[in-house]
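The values are calculated or read from the model by the stated rules, or taken from the named source; none is laboratory data. Please read all numbers here as calculations on a predicted model, not as lab measurements. Heads up, the Cβs are rebuilt from the backbone with ideal geometry, glycines too, and the neighbour counts pull from every protein chain shown.
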Amino acid sequence: MGTARARTNQAVARIITEAVTSPTRNDKALFVAVRALGLTISKREGEYRISMPGLPRERAEAIAAYTDDRDDAWGTAKMMAKEPRR
């Protein structure tokens, strides 16, 4: 049982490391990297939505950023992570 858990933990660590080192490689890596920054991300109909968690719905929507480009989504997430939380 412990060996299986250790393999799972190693796999999770590998996924996070790969996502952070190459966040725009694919959607899975992007989602892991953005969430590691403490932000929320979703994708609907080819459009990414990045926002801050824990805000009232209206406030979260007011600051949400939308883009259809994976690189732009990552750049936006990095900028949003630097902004002070309100």
query: Can we say Arg25 is basic (Lys, Arg) and in a loop (DSSP other than H, G, I, E, B)?
result: yes
- request: Go through the range 6-18 and give me each residue that's modelled with pLDDT of 80 or more and charged (D, E, K, R).
  value: Arg7
task: Within the range 19-42, identify whether any single residue is surrounded by fewer than 16 Cβ atoms within 10 Å (Cβ to Cβ), of a type in the set (S, T, N, Q) and either modelled with pLDDT under 85 or touching a Ser or Thr at 6+ places or on another chain (Cβ under 8 Å) (or both), and answer yes or no.
output: yes
query: Counting only residues that are of a type in the set (D, E, K, R) and surrounded by 13 or more Cβ atoms within 10 Å (Cβ to Cβ), which one in the range 43-68 is farthest from Thr24 (Cα to Cα)?
result: Arg59
Residues (charged (D, E, K, R) and outside any helix (DSSP H, G or I)) located in the range 38-77: Lys43, Arg44, Glu45, Glu47, Arg49, Asp68, Asp69
